[in-house]
Amino acid sequence: MNSPSGVRCATIKTDPYIKMEELDILLQQIDKDRLPRHVAMIMDGNGRWARSRGMERSNGHSEGVVSVRRVTELSSDLGIGYLTLYAFSTENWNRPDAEVETLMHLIGWAIEQELPDLKRNNVRIHLIGDIDRIPEGPRRRLLDARDQTAGCTGLQLMMCLSYSARWELTRAARTLAARAASGEIDAASISEEDIAASLATAGIPDPDLLIRTGGEYRISNFLLWQIAYSELYFTPTLWPDFDKAEYAKAIIDYQSRERRFGKTSDQVTSK
């Protein structure tokens, strides 16, 4: 995989036959009739992956693009309907200017490189977050990718950029407050459905499975409303090492769980 100028990509070599054999075994364990409809991912560990190899943090971000391709491909191949990736948070703007600049450049470059494959595989891009805050160059590439894939009917790929759940909820509250003040709606009658319809994810089903890589056990201001009943899966695997086999393991684990949504086990199993 070529990388943007100044960023060295250093994929670790492994025996491809061993990896493919492991993946094939795992894929055979997945029940295609019980797939999560929507998977969300917090992609963590790029910087630590790079530092452990004596590299700059930017190299970890570049390598992380490869993992994005892997999970997108497997989601599409399995028939998962929605995949949401936490690519850049509102809080990430507080990182050193040089790292933010590199990330923005990488995001714009990556979406441009991947666009032909995304279109060929019928993947539709959605952008979620305060997109106007992204610099003009990468923003233009992102919007172009969104527009060029608008007619795709396969995997719906949500990229959360300049996003945080508190930003989203604050924006929704302001929208509903303005509608109530204008008399369009009755403030006392605002429902959960009204709030959901005011979120950046309006019209998108809530995630069934949330995966976080990198060994951290927190949500980091991501989809706080939407993950109320999501199954959570935490793995110590750093994002650049999160391959299709690791993704398959997460899905297998998800399928081993009983989703009750407040009901008892007897109520669920009696269906």
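The values are calculated or read from the model by the stated rules, or taken from the named source; none is laboratory data. Note that the coordinates shown come from a computational prediction; the quantities given were computed from them, not determined experimentally. Neighbour counts run over all protein chains shown; Cβ positions are idealised from the backbone, glycine included. Ligands, DNA and RNA are excluded from the accessible area calculation, which covers all protein heavy atoms including side chains. Shrake-Rupley method; radii C 1.70, N 1.55, O 1.52, S 1.80 Å.
Full extension of the chain between Glu193 and Gln255 gives 19.5 nm of extra length, using 0.36 nm per residue less the Cα-Cα distance. Would you please state which residues of segment 34-66 a label at Glu99 would reach in this model, taking the label point 7 Å out along Cα→Cβ and a backbone N cut-off of under 20 Å? Answer for this model: 42-66. Highest-first packing order for the peptide set 223-230, 115-122 is 223-230, 115-122, based on the mean count of other beta carbon atoms within 10 Å.
The fraction of accessible area contributed by carbon and sulfur in segment 154-225 is 51 percent, rounded to a whole number (1.4 Å probe; ligands and nucleic acids excluded). Does segment 126-259 come out rounded, prolate or oblate, given a ≥ b ≥ c as the square roots of the eigenvalues of its C-alpha gyration tensor, rounded meaning a/c under 1.5 and, failing that, prolate meaning a/b above b/c? Here segment 126-259 falls in the oblate category.
Fully extending the segment from Gln113 to Asp24, taken as 0.36 nm per residue of separation minus the present Cα-Cα distance, adds 29.3 nm.
Between segment 67-142 and segment 169-234, how far is it from one alpha carbon centroid to the other, in angstrom? Taking the Cα centre of each part, segment 67-142 and segment 169-234 sit 21 Å apart.
Annotation: amide H-H contacts under 5 Å for Tyr163 (H modelled 1.01 Å from N, sequence separation of 5 or more, or interchain): Phe88, Ser89, Thr90, Asp130. Taking all protein chains into account, the per residue accessible area for the chain stands at 52 Å² (1.4 Å probe). With a Förster radius of 45 Å applied to the beta-carbon distance between Ala181 and Glu91, the computed FRET efficiency rounds to 0.90. Applying 0.36 nm per residue to the separation of Ser220 and Arg174 and subtracting their alpha-carbon distance, the gain on full extension is 14.3 nm. Of Trp109, Trp167, Trp239, the order by accessible heavy-atom surface (1.4 Å probe, DNA, RNA and ligands excluded), from most exposed downward, is Trp167, Trp109, Trp239.
The charge dipole of segment 90-149, taken about its Cα centre with unit charges on the Cβ of Lys, Arg, Asp and Glu (plus for the first two, minus for the last two), comes to roughly 320 debye.
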